[in-house]
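Asker: Please find one structure pasted underneath; my questions will follow.
None of the figures in this text is laboratory data; all of them are computed from the coordinates on show. Since this is a predicted model, take the numbers as computed values, not measurements. Because the Cβ atoms are built from the backbone with ideal geometry, glycine has one as well, and the counts that use them run over all protein chains shown.
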Amino acid sequence: MALVLIVDDSPTDVHVMQRALEQGGFSTAAAADGDEAIRKARELHPDLILMDIVMPGLNGFQATRELSSDPRTRSIPVIMVTSKAQESDRVWGLRQGAVDYIVKPVSAEQLVRKAQAALAV
């Protein structure tokens, strides 16, 4: 069973994504900010990371850039899952190393489909 690390400072968003992914056959872990995401990525070696952008401390862009430049974590695909809907944000997120960019709110079906697609690469 693939492990997905959900990085979001909203407990509600984490809960919704966990439920959708677990019903879709994934196991999940969570982190509330970018620093915790990096620690957990190095410790757990998840198969996929879902990364919010706007968080206290290290934001999602910064955390994704650090994960994608670290030999220990660079092979873990990152999907940005955020309320930031500007095209410039999407382009910047992909430039930091994300493999996909989803704008909230996201349906359970779309989330599972995107996670499956990222792991099929």
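Asker: Taking the simple approach of a point 7 Å from Cα along Cα-to-Cβ for both residue 103 and residue 83, what is their distance in nm?
Answerer: 1.4
Asker: If you take the square roots of the eigenvalues of the alpha-carbon gyration tensor of the stretch 3-120 and sort them as a ≥ b ≥ c, do you get rounded (a/c under 1.5), prolate (a/b over b/c) or oblate? Can you show the working numbers first?
Answerer: Details: a/c = 1.30, a/b = 1.11, b/c = 1.17.
It is rounded, given that a/c, with a ≥ b ≥ c, falls under 1.5.
Asker: Something else now. Using θ = phi - 60° and the Karplus curve 6.51 cos²θ - 1.76 cosθ + 1.60, what whole-Hz ³J(HN,Hα) does each residue of the stretch 33-45 get, with Gly and Pro shown as x?
Answerer: 7, x, 4, 5, 4, 5, 4, 5, 4, 5, 7, 9, 6
Asker: How would you rank 84, 104, going from fewest to most other Cβ atoms within 10 Å of each one's own Cβ?
Answerer: On the way: 84 18, 104 15.
Final ranking by Cβ density, sparse to dense: 104, 84.
Asker: Put +1 on the Cβ of every Lys and Arg and -1 on every Asp and Glu Cβ in the chain; which of 98, 83, 51 then has its Cα farthest towards the positive end of the dipole?
Answerer: The Cα lying farthest towards the positive end belongs to 98.
Asker: Return, ordered by residue number, the residues of the stretch 92-121 whose backbone nitrogen is under 17 Å from a label point located 7 Å along Cα→Cβ of residue 45.
Answerer: Hits in the stretch 92-121 for residue 45 at 17 Å: none.
Asker: Charges at C-beta only: +1 for Lys and Arg, -1 for Asp and Glu. How large is the resulting dipole of the chain about its Cα centre, in Debye rounded to 20? It would help to have the intermediate numbers written out before the result.
Answerer: Values: 13 positive and 16 negative charges, 60 e Å.
Approximately 280 debye in magnitude.
Asker: Same structure again: Zone of residue 116 (label point 7 Å along Cα→Cβ, backbone N under 19 Å): which residues in the stretch 47-62?
Answerer: 47-50
Asker: Let me ask something else about it. What does the charge count near residue 9 come to, summing +1 for each Lys or Arg and -1 for each Asp or Glu among other residues with Cβ under 9 Å from its Cβ?
Answerer: On the way: positive: none; negative: 8, 13, 33, 52.
Result for the neighbourhood of residue 9: -4.
Asker: Run lengths n ≥ 4 of DSSP H only: what is the helix-derived mean residue ellipticity at 222 nm for the chain, with -39500 (n - 2.57) per run over all residues, to the nearest 500?
Answerer: Working: 5 runs with 56 residues, N = 121.
So the calculated ellipticity at 222 nm is -14000 deg cm²/dmol.
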